[in-house]
Structures are given as structure tokens and as C-alpha cells.
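Notes follow the structure.
Only the coordinates and a few stated rules stand behind these numbers; no lab work does. What you are looking at is a predicted structure, and each value in this text was computed from that prediction instead of being measured. All Cβ positions, glycine included, derive from the backbone under ideal geometry; neighbour counts span all protein chains shown.
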């Protein structure tokens, strides 16, 4: 689904973050992008979202060159991105209203888009239907993140990009939303790419983990983690071993 060919990108003040970088993702895969601060994780996500553009090389999604944000890519940020003056339901409907404005133009909205959609099933699936008429300031951080996820999934993305979406949540709520996100992506056949600096989160969510190091990143370092998302995954020995391996790799990068 995603192909990066000889991608290079950097900022003038900090030099190259990626230099001739290659990476491939199959449809329906679940990836965690792990690395220390400053390694280019968020920039990498913005490149995949079409919000940044390579200085050289190419990004292909479904065989098409990525030159701008695509309508079937969903992006969820750490700060939720909810409108404070809109209710949970209105926030969840926001993307659909934008699509209704443009119509099925194939640029802002998929050509097969149908305006007859209701966000209620997603509010129910995410357990926030009872908060539909409340405002973001009246609900918890976990409920706000669920509203952001509902808004995105209502648009039926085939690719979901998440930038440290659970970093501000407490441990129990974070683990619950991690599991729910994997479940929903599996149900909908969504390709998931989540950026995190948290080793345990990467090992819990990424069935494949891309480790970014000190820039410039030239080669993809990938760790296989096929049991992520399965029941009691965090209690398995493989999970603990993987966390130790990733921690050691990050320690070497910082040295």
C-alpha cells in the first residue's frame, strides 16, 4: 500500500532527517514508528499524510504518487483537534460536513462518497454516545480522544496515521484505547501507522516496528511483532524480550 523510494527530506536549520530512505507497507498492516526526540518521527508521519513533501525520492500510496493529502488517509494528532464550541456529535460530524461541501470530487472527497452517513454508530462503538451533546471541556481526555477517532473513522479511511495519540492519558485508559484502536482497524481493514516514543506502546500496538535513529535515517530497521493486539500479549515473554531489545537499541542511539 505504501512505498517509499529513495526518500530524502530535511529542514534547513537541522540538516537531513532521511537520506535515500526506502520503506514498504502492505495493506492492512499495523506499524509503530519508534524513536527518540528529534529523529524525525512526526515529520515522517506528515510526509505520509502529504503535509510535507520529499526533497527527493517518491512516496507512493496504492501505486499513486503522493503530492497532496489524500481523502482516504485519516490523521489523528495528540491534541485531539476538537472544536471547543462544538459538541461531541458535531465534532464527529465535522469531516462529513467538509466532504458534503466539496462533494465527490475525487480530490477532497472520494469519488464514491455518499453523503448519507450517520456518526451515531461510531459514537456507540466507541462508547461515547451518551456524551454526544456534551462539549470537549465537559468530558475526559480519553473521551475526547474517542471523539477524535469517531470523527476520523466516520470518513472510512483505508490508511490511519496517529501521532502520539495516547501520550497524555493514564495507563488504564491508554491500554484500553490501544486495544480498541487495533480492534477497529482489524474490523475495517485499515492500515495503521502510529508514531510513539514509548517502547511499551510500540511493542503493544505495532505488529511491525520501524525504529528511527539519529538522523539522517538511511535504512529501515524493522522488528517483527506478529502477536501484537492478541489477548494477553503484554503478558507474553516475547513482549518483554522485544521491549528489552528496543530499549537497548534506543540506548545505543543515544550514546
**Report entry** Helix-only CD estimate at 222 nm, as mean residue ellipticity for the chain, using -39500 (n - 2.57) per DSSP H run (n ≥ 4)
**Finding:** -10500 deg cm²/dmol
Report summary line: Neighbour-count ranking for 235, 124, 249, 200 (other C-beta within 10 angstrom, fewest to most) reads 235, 124, 249, 200
Query raised in the report: What angle, in degrees between 0 and 90 and rounded to the nearest 10, separates the Cα long axis of helix 88-102 from the longest principal axis of the Cα atoms of the chain?
Result: 90 degrees
Requested in this report: Sketch the reach of a paramagnetic label on residue 6 as a point 7 Å from Cα along Cα-to-Cβ, and name the residues of segment 34-63 whose backbone nitrogen lies under 16 Å away.
Outcome: 54-60
Query raised in the report: Against the longest principal axis of the chain, how steep is helix 237-254, in degrees 0 to 90 to the nearest 10, with axes from Cα atoms?
Result: 70 degrees
Query - Where N is the number of residues in segment 54-204, Cα Rg divided by 2.2 N^0.38 Å - result: 1.06
Query raised in the report: What's the center-to-center distance, using Cα atoms, between segment 165-208 and segment 111-144 in Å?
Result: 19 Å
Report task. Write down the percent of antiparallel bridges among all DSSP beta bridges whose residues are both part of segment 130-255, to the nearest 5. Result -> 45 percent
Report summary line: For the chain, longest principal axis from Cα atoms; helix 171-188 axis from its Cα atoms; angle between them, nearest 10 degrees, is 80 degrees
**Report entry** Alpha-carbon centroid distance for the pair segment 219-255 / segment 43-98, whole angstrom
**Finding:** 28 Å
Query raised in the report: So how do 18, 223 line up by other beta-carbon neighbours within 10 Å, fewest first?
Result: 223, 18
Query raised in the report: Rounded to two decimals, what is Rg over Rh for segment 128-255 when you use alpha-carbon atoms and the Kirkwood radius?
Result: 1.00
Report task. Two decimals is fine: what is log10 I(q)/I(0) at q = 0.11, 0.17 Å⁻¹ for the chain, from a Debye sum with one equal scatterer on every Cα and no solvent? Result -> -0.61, -1.37
Report summary line: Quick note on 108, 53, ordering by fewest other C-beta atoms within 10 Å, gives 53, 108
Query raised in the report: When the chain is modelled as a GNM with alpha-carbon springs shorter than 10 Å, which of 155, 126, 51 fluctuates the most?
Result: 51
Report task. May I ask for the equivalent-ellipsoid semi-axes of segment 79-139, computed as the square root of five times each C-alpha gyration tensor eigenvalue and listed largest first in whole Å? Result -> 24, 13, 8
Report summary line: Among beta bridges assigned by DSSP with both residues in the chain, the antiparallel ones amount in percent, to the nearest 5, to 50 percent
Report task. Express the relative contact order of segment 2-254 as a whole percentage, based on alpha carbon pairs under 8 Å and six or more residues apart in sequence. Result -> 28 percent
Query raised in the report: Hey, rough spin-label estimate for residue 114 and residue 133, points 7 angstrom out along Cα→Cβ, what's it come to in nanometres?
Result: 2.9 nm
